[in-house]
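Report on one structure; see the data block that follows.
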Amino acid sequence: MTNIYNHILKSKISNQKLLAILLDPDKIVWNNFDYLISKINQSPATHVFIGGSQVKNNILDELILKIKQNCSLPIVLFPGNPSQISNKADAILFLSLISGRNSDYLIEHQVKAAPVLKQTNLEIISTGYILIESGGKTAVERVSKTKPIDRNNLDLVLATAQAGEMIGNKLIYLEAGSGAKQAVPSKMIRLVSKNIKIPLIVGGGIIDSQGIQKAYDSGADLVVIGTAFENDINFFNN
(Lines give C-alpha, C1' and ligand atoms only; values in the text may rest on other atoms or scores of the structure.)
Protein backbone atom coordinates (compact mmCIF):
# COMPACT_ATOMS: atom_id res chain seq x y z
CA MET A 1 0.00 0.00 0.00
CA THR A 2 1.58 3.25 -1.14
CA ASN A 3 0.58 6.84 -1.90
CA ILE A 4 -1.89 7.04 0.94
CA TYR A 5 -1.37 10.79 1.13
CA ASN A 6 -2.03 11.20 -2.59
CA HIS A 7 -5.30 9.35 -2.12
CA ILE A 8 -6.27 11.69 0.70
CA LEU A 9 -5.41 14.67 -1.50
CA LYS A 10 -7.43 13.35 -4.45
CA SER A 11 -10.35 12.60 -2.14
CA LYS A 12 -10.28 16.18 -0.88
CA ILE A 13 -10.31 17.53 -4.43
CA SER A 14 -13.24 15.31 -5.40
CA ASN A 15 -15.03 15.97 -2.08
CA GLN A 16 -14.96 12.28 -1.21
CA LYS A 17 -15.10 12.10 2.57
CA LEU A 18 -12.86 9.65 4.41
CA LEU A 19 -13.27 7.82 7.72
CA ALA A 20 -10.65 6.23 9.97
CA ILE A 21 -11.30 3.83 12.82
CA LEU A 22 -8.68 4.33 15.54
CA LEU A 23 -7.62 1.21 17.43
CA ASP A 24 -5.68 1.46 20.68
CA PRO A 25 -3.44 -1.63 21.07
CA ASP A 26 -3.92 -1.53 24.85
CA LYS A 27 -7.67 -1.99 24.42
CA ILE A 28 -7.65 -4.93 22.03
CA VAL A 29 -9.56 -7.98 23.29
CA TRP A 30 -8.13 -10.92 21.38
CA ASN A 31 -11.08 -13.20 22.10
CA ASN A 32 -13.27 -10.70 20.26
CA PHE A 33 -10.80 -9.87 17.50
CA ASP A 34 -12.44 -11.67 14.57
CA TYR A 35 -15.74 -9.98 15.32
CA LEU A 36 -13.98 -6.61 15.59
CA ILE A 37 -12.43 -7.03 12.14
CA SER A 38 -15.75 -8.11 10.65
CA LYS A 39 -17.36 -4.94 12.00
CA ILE A 40 -14.57 -2.80 10.54
CA ASN A 41 -15.03 -4.51 7.17
CA GLN A 42 -18.78 -3.84 7.30
CA SER A 43 -18.28 -0.19 8.24
CA PRO A 44 -17.77 2.79 5.89
CA ALA A 45 -14.18 3.15 7.12
CA THR A 46 -11.51 3.94 4.55
CA HIS A 47 -8.51 3.68 6.87
CA VAL A 48 -7.46 2.03 10.12
CA PHE A 49 -5.39 4.18 12.47
CA ILE A 50 -3.42 2.46 15.23
CA GLY A 51 -1.97 4.12 18.30
CA GLY A 52 -2.63 5.76 21.62
CA SER A 53 -1.28 8.31 24.03
CA GLN A 54 0.26 5.51 26.07
CA VAL A 55 0.73 2.07 24.56
CA LYS A 56 1.95 -0.22 27.33
CA ASN A 57 1.98 -3.57 25.57
CA ASN A 58 4.21 -4.87 22.77
CA ILE A 59 1.66 -6.29 20.36
CA LEU A 60 1.90 -3.65 17.62
CA ASP A 61 3.46 -5.87 14.94
CA GLU A 62 1.23 -8.80 15.80
CA LEU A 63 -1.88 -6.61 15.80
CA ILE A 64 -1.14 -5.10 12.39
CA LEU A 65 -0.37 -8.47 10.81
CA LYS A 66 -3.60 -9.95 12.16
CA ILE A 67 -5.61 -7.01 10.82
CA LYS A 68 -3.99 -7.39 7.40
CA GLN A 69 -4.94 -11.06 7.24
CA ASN A 70 -8.62 -10.17 7.04
CA CYS A 71 -8.83 -6.44 6.21
CA SER A 72 -7.63 -4.65 3.08
CA LEU A 73 -7.85 -1.09 4.45
CA PRO A 74 -4.61 0.90 4.68
CA ILE A 75 -3.13 0.87 8.18
CA VAL A 76 -1.72 4.17 9.41
CA LEU A 77 0.25 4.57 12.63
CA PHE A 78 -0.97 7.34 14.95
CA PRO A 79 1.88 7.28 17.49
CA GLY A 80 2.03 8.82 20.92
CA ASN A 81 5.81 8.35 21.08
CA PRO A 82 8.68 6.83 19.05
CA SER A 83 8.15 3.38 20.56
CA GLN A 84 4.92 3.08 18.58
CA ILE A 85 6.56 2.48 15.20
CA SER A 86 6.04 -0.69 13.19
CA ASN A 87 7.29 -1.47 9.70
CA LYS A 88 4.25 -3.73 9.30
CA ALA A 89 1.97 -0.70 8.81
CA ASP A 90 1.54 1.19 5.54
CA ALA A 91 2.09 4.76 6.72
CA ILE A 92 2.65 6.92 9.77
CA LEU A 93 1.24 10.28 10.75
CA PHE A 94 4.47 12.05 11.71
CA LEU A 95 2.86 14.21 14.36
CA SER A 96 4.01 17.53 15.74
CA LEU A 97 1.86 18.87 18.59
CA ILE A 98 1.84 22.44 17.32
CA SER A 99 -0.85 23.61 19.74
CA GLY A 100 1.52 23.05 22.68
CA ARG A 101 4.94 24.36 23.59
CA ASN A 102 6.48 21.19 24.99
CA SER A 103 9.59 20.71 22.85
CA ASP A 104 9.42 16.93 23.36
CA TYR A 105 6.27 16.81 21.25
CA LEU A 106 7.28 19.58 18.85
CA ILE A 107 10.62 18.09 17.79
CA GLU A 108 12.38 15.85 20.38
CA HIS A 109 10.32 12.70 19.80
CA GLN A 110 10.54 13.31 16.06
CA VAL A 111 14.34 13.47 16.24
CA LYS A 112 14.40 10.16 18.12
CA ALA A 113 11.99 8.60 15.61
CA ALA A 114 13.80 9.74 12.45
CA PRO A 115 16.62 7.12 12.46
CA VAL A 116 14.07 4.38 13.16
CA LEU A 117 11.78 5.55 10.36
CA LYS A 118 14.70 5.67 7.94
CA GLN A 119 15.02 1.90 8.37
CA THR A 120 11.38 1.28 7.42
CA ASN A 121 9.32 1.44 4.25
CA LEU A 122 6.57 3.47 5.91
CA GLU A 123 5.02 6.35 4.02
CA ILE A 124 5.73 9.33 6.30
CA ILE A 125 3.00 11.96 6.39
CA SER A 126 3.90 15.10 8.37
CA THR A 127 0.91 16.22 10.39
CA GLY A 128 0.28 19.36 12.43
CA TYR A 129 -1.59 18.14 15.52
CA ILE A 130 -3.78 20.70 17.31
CA LEU A 131 -5.39 19.83 20.63
CA ILE A 132 -8.70 21.59 21.29
CA GLU A 133 -10.25 22.07 24.74
CA SER A 134 -13.13 19.63 25.07
CA GLY A 135 -14.64 19.95 28.53
CA GLY A 136 -12.21 17.78 30.48
CA LYS A 137 -8.59 16.72 30.76
CA THR A 138 -7.81 14.18 28.03
CA ALA A 139 -5.05 11.58 27.81
CA VAL A 140 -3.21 13.70 25.24
CA GLU A 141 -3.10 16.64 27.65
CA ARG A 142 -1.90 14.48 30.54
CA VAL A 143 0.80 12.69 28.58
CA SER A 144 2.07 15.66 26.56
CA LYS A 145 1.85 18.06 29.51
CA THR A 146 0.44 20.72 27.20
CA LYS A 147 -2.73 22.75 27.42
CA PRO A 148 -5.31 22.53 24.67
CA ILE A 149 -6.36 25.68 22.84
CA ASP A 150 -9.56 27.24 24.17
CA ARG A 151 -12.44 26.03 21.99
CA ASN A 152 -13.66 29.62 21.66
CA ASN A 153 -10.31 31.01 20.51
CA LEU A 154 -10.94 30.52 16.81
CA ASP A 155 -8.31 33.02 15.71
CA LEU A 156 -5.53 31.19 17.56
CA VAL A 157 -6.60 27.81 16.18
CA LEU A 158 -6.69 29.20 12.65
CA ALA A 159 -3.29 30.86 13.00
CA THR A 160 -1.84 27.63 14.41
CA ALA A 161 -3.25 25.59 11.52
CA GLN A 162 -1.95 28.07 8.97
CA ALA A 163 1.48 28.10 10.63
CA GLY A 164 1.52 24.30 10.42
CA GLU A 165 0.71 24.48 6.73
CA MET A 166 3.40 27.12 6.13
CA ILE A 167 5.98 25.02 7.98
CA GLY A 168 5.25 22.23 5.56
CA ASN A 169 2.82 19.90 7.28
CA LYS A 170 0.83 17.83 4.78
CA LEU A 171 -2.17 17.43 7.07
CA ILE A 172 -3.78 19.39 9.89
CA TYR A 173 -5.45 17.38 12.63
CA LEU A 174 -7.96 19.08 14.96
CA GLU A 175 -8.21 16.82 18.00
CA ALA A 176 -10.64 17.06 20.91
CA GLY A 177 -8.91 14.10 22.56
CA SER A 178 -9.78 10.50 23.38
CA GLY A 179 -13.06 10.32 25.29
CA ALA A 180 -13.63 14.06 24.92
CA LYS A 181 -16.84 15.43 26.40
CA GLN A 182 -17.27 17.80 23.46
CA ALA A 183 -16.30 17.46 19.83
CA VAL A 184 -14.37 20.09 17.89
CA PRO A 185 -16.83 22.97 17.23
CA SER A 186 -18.35 23.09 13.74
CA LYS A 187 -17.51 26.77 13.35
CA MET A 188 -13.86 25.99 14.08
CA ILE A 189 -13.75 23.18 11.52
CA ARG A 190 -15.41 25.44 8.97
CA LEU A 191 -13.01 28.34 9.59
CA VAL A 192 -9.88 26.20 9.36
CA SER A 193 -11.11 24.24 6.36
CA LYS A 194 -11.83 27.38 4.37
CA ASN A 195 -8.45 28.93 5.12
CA ILE A 196 -5.97 26.12 4.52
CA LYS A 197 -5.33 24.18 1.33
CA ILE A 198 -4.12 20.90 2.81
CA PRO A 199 -6.51 18.16 4.01
CA LEU A 200 -8.12 18.50 7.43
CA ILE A 201 -8.57 15.62 9.88
CA VAL A 202 -11.01 15.93 12.79
CA GLY A 203 -11.34 13.58 15.75
CA GLY A 204 -12.38 13.27 19.38
CA GLY A 205 -15.76 13.56 21.03
CA ILE A 206 -17.79 12.30 18.07
CA ILE A 207 -20.32 9.87 19.45
CA ASP A 208 -22.69 9.05 16.59
CA SER A 209 -23.14 9.09 12.81
CA GLN A 210 -24.75 12.51 13.03
CA GLY A 211 -21.55 13.82 14.59
CA ILE A 212 -19.54 12.37 11.72
CA GLN A 213 -21.81 14.01 9.15
CA LYS A 214 -21.69 17.31 11.02
CA ALA A 215 -17.89 17.30 10.85
CA TYR A 216 -18.03 16.48 7.14
CA ASP A 217 -20.54 19.24 6.48
CA SER A 218 -18.29 21.69 8.33
CA GLY A 219 -15.32 20.88 6.12
CA ALA A 220 -13.49 17.88 7.60
CA ASP A 221 -11.87 15.76 4.90
CA LEU A 222 -11.24 12.78 7.17
CA VAL A 223 -13.00 11.98 10.45
CA VAL A 224 -11.52 9.69 13.11
CA ILE A 225 -13.69 7.49 15.35
CA GLY A 226 -12.03 5.82 18.32
CA THR A 227 -13.71 5.74 21.73
CA ALA A 228 -17.25 5.53 20.34
CA PHE A 229 -16.34 2.40 18.36
CA GLU A 230 -14.42 0.94 21.32
CA ASN A 231 -17.47 1.39 23.52
CA ASP A 232 -19.92 0.04 20.93
CA ILE A 233 -18.58 -2.32 18.31
CA ASN A 234 -21.97 -2.02 16.58
CA PHE A 235 -21.53 1.74 16.29
CA PHE A 236 -22.06 1.76 12.53
CA ASN A 237 -25.22 -0.32 12.78
CA ASN A 238 -26.99 2.28 14.90
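The values are calculated or read from the model by the stated rules, or taken from the named source; none is laboratory data. No experiment lies behind these values; they were computed from the predicted model shown. All Cβ positions, even for glycine, are placed from backbone atoms using ideal geometry, and neighbour counts span all protein chains on display. With ligands, DNA and RNA removed, areas are computed over all heavy atoms of the protein, side chains included. Shrake-Rupley method; radii C 1.70, N 1.55, O 1.52, S 1.80 Å.
Picking from Val223, Leu117, Ala159, whose Cα lies most toward the positive end of the charge dipole for the chain (charges on Cβ: Lys, Arg +1; Asp, Glu -1)?
Ala159
Pull up all non-local amide H partners of Ser134: gap of 5 or more, or a different chain, and H-to-H distance under 5 Å with H placed in the peptide plane.
So Ser134 has HN proximity to no qualifying residue.
Give me the net charge for the shell around Lys68: Cβ to Cβ below 15 angstrom, other residues only, Lys and Arg +1, Asp and Glu -1. Before the final figure, lay out the partial values.
Numbers: positive: Lys66, Lys88; negative: Asp34, Asp61, Glu62, Asp90.
Around Lys68, the surrounding residues sum to -2.
In the full protein assembly as shown, how much of Tyr129 is accessible to a 1.4 Å probe, in Å² to the nearest 10?
20 Å²
State, to one decimal in nm, how far the label point of Val116 lies from the label point of Cys71, with both points 7 Å from Cα in the Cβ direction.
A separation of 2.1 nm, rounded to one decimal place.
In whole angstrom, how far apart do the alpha carbon centroids of the range 128-188 and the range 1-63 sit?
Rounded to whole Å, the Cα centres lie 21 Å apart.
Give the ranking of Asp104, Asp24 by solvent-accessible surface, highest area first, calculated with a 1.4 Å probe.
Numbers: Asp104 65, Asp24 25 Å².
Order by accessible area, largest first: Asp104, Asp24.
Cα gyration tensor of the chain, axes a ≥ b ≥ c as square roots of the eigenvalues: rounded (a/c below 1.5), prolate (a/b > b/c) or oblate?
On the way: a/c = 1.37, a/b = 1.17, b/c = 1.17.
Cα axes put the chain in the rounded bin.
Only Cα pairs within less than 10 Å get springs; with that Gaussian network setup on the chain, which residue of Asn31, Asn81, Asn41 has the largest fluctuation?
Result for the chain, Cα springs under 10 Å: Asn31 fluctuates most.
Taking amide hydrogens as modeled 1.01 Å from N in the peptide plane, which residues meet the under 5 Å criterion relative to Ile207, leaving out close sequence neighbours?
none
For the range 195-210 and the range 103-126, what is the separation of their C-alpha centers, rounded to whole Å?
24 Å
Under a 5 Å amide H to amide H cut-off, with H placed in plane at 1.01 Å, what residues pair with Lys170 once short-range neighbours are removed?
Ser126, Thr127, Gly128
Can you tell me the relative contact order of the chain? Whole percent, Cα pairs under 8 Å, sequence separation 6 or more. Spell out each step's value before the answer.
Numbers: 454 pairs, mean separation 44.3, N = 238.
It rounds to 19 percent for the chain.
Figure the gain on full extension for Lys194 and Ala159 (residue separation times 0.36 nm, minus the Cα-Cα span) and round it to one decimal in nm. Intermediate values should be presented prior to the final figure.
Numbers: separation 35, 0.36 × 35 = 12.60 nm, distance 1.26 nm.
Taking Lys194 through Ala159 to full extension adds about 11.3 nm, to one decimal.
Do any trypsin sites (Lys or Arg not before Pro) in the range 113-152 lie in a loop, going by DSSP, with at most 15 other beta-carbon atoms within 10 Å of their beta carbon, and if so which? Working shown, then result.
On the way: sites: Lys118, Lys137, Arg142, Lys145, Arg151; in loops: Lys137, Lys145, Arg151.
Hits after loop and neighbour filter: Lys137, Lys145.
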